[in-house]
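Structure first, commentary second.
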Amino acid sequence: MSKKPSRISEHIFEHPVLWAVTSIAVWAAVTNVMFLLTNYVLQDAFMLFLCFMLIYPIGSLIICFLYAKRCGIKWYMPFSMVPIITFEYLISENFRAIQPNIFITTAFAMLFGSGVGNIFADKKALEAQKKAKHDKRLHEDKKYRKILDD
């Protein structure tokens, strides 16, 4: 019988792809709220600077750091952030409100956060997780039983 996670967050943390998708979706929602806030509610240059040149890079860095620390560097986490943010602003009607510097900021924040997070990652746990995944794929975790002894 398989162990079932007691909470949704434990289920998300067990699967790196699910954690990456969830964290990117939550960060995209926060970014959209900041975009709407600076464009429609508080139309001030200082708020635009505060949100997209201070809060946004720090948030991107923290998300990539935590992911890389927990799961190591995976190709789908950092390299999916820039296309998602680009697509998000291309479908927005006020694309020119956010300068293209946001994409460069995203790229630097995700690369730096992922690199530093990988430094602090638990290498033994990552290797054990990779070996368990490999063994499960090869079905080597099943116990051998002799047919003739039955």
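Are there any helices (runs of 4 or more DSSP H) wholly within the stretch 1-62 with 1 or more residues that are modelled with pLDDT under 80 and among the charged types (D, E, K, R), and if so which? Walk me through how you get there before you give the answer.
Values: elements: 8-14, 16-36, 45-50.
The qualifying helices (runs of 4 or more DSSP H) are 8-14.
Looking only at the stretch 63-85, count every residue that is of a type in the set (Phe, Trp, Tyr), part of a helix (DSSP H, G or I) and surrounded by fewer than 21 Cβ atoms within 10 Å (Cβ to Cβ) and tell me the total. Walk me through it before giving the result.
The initial filter retains those residues of the stretch 63-85 that are of a type in the set (Phe, Trp, Tyr), namely 65, 67, 75-76, 79.
The next check asks that each one be part of a helix (DSSP H, G or I); those that pass are 65, 67, 79.
With surrounded by fewer than 21 Cβ atoms within 10 Å (Cβ to Cβ) added as a condition, the list becomes 79.
Residues meeting the conditions: 1.
The values are calculated or read from the model by the stated rules, or taken from the named source; none is laboratory data. From a predicted model like this one, the values you see are computed outputs, not experimental measurements. We place every Cβ from the backbone using ideal geometry, glycine too, and count neighbours over all the protein chains shown.
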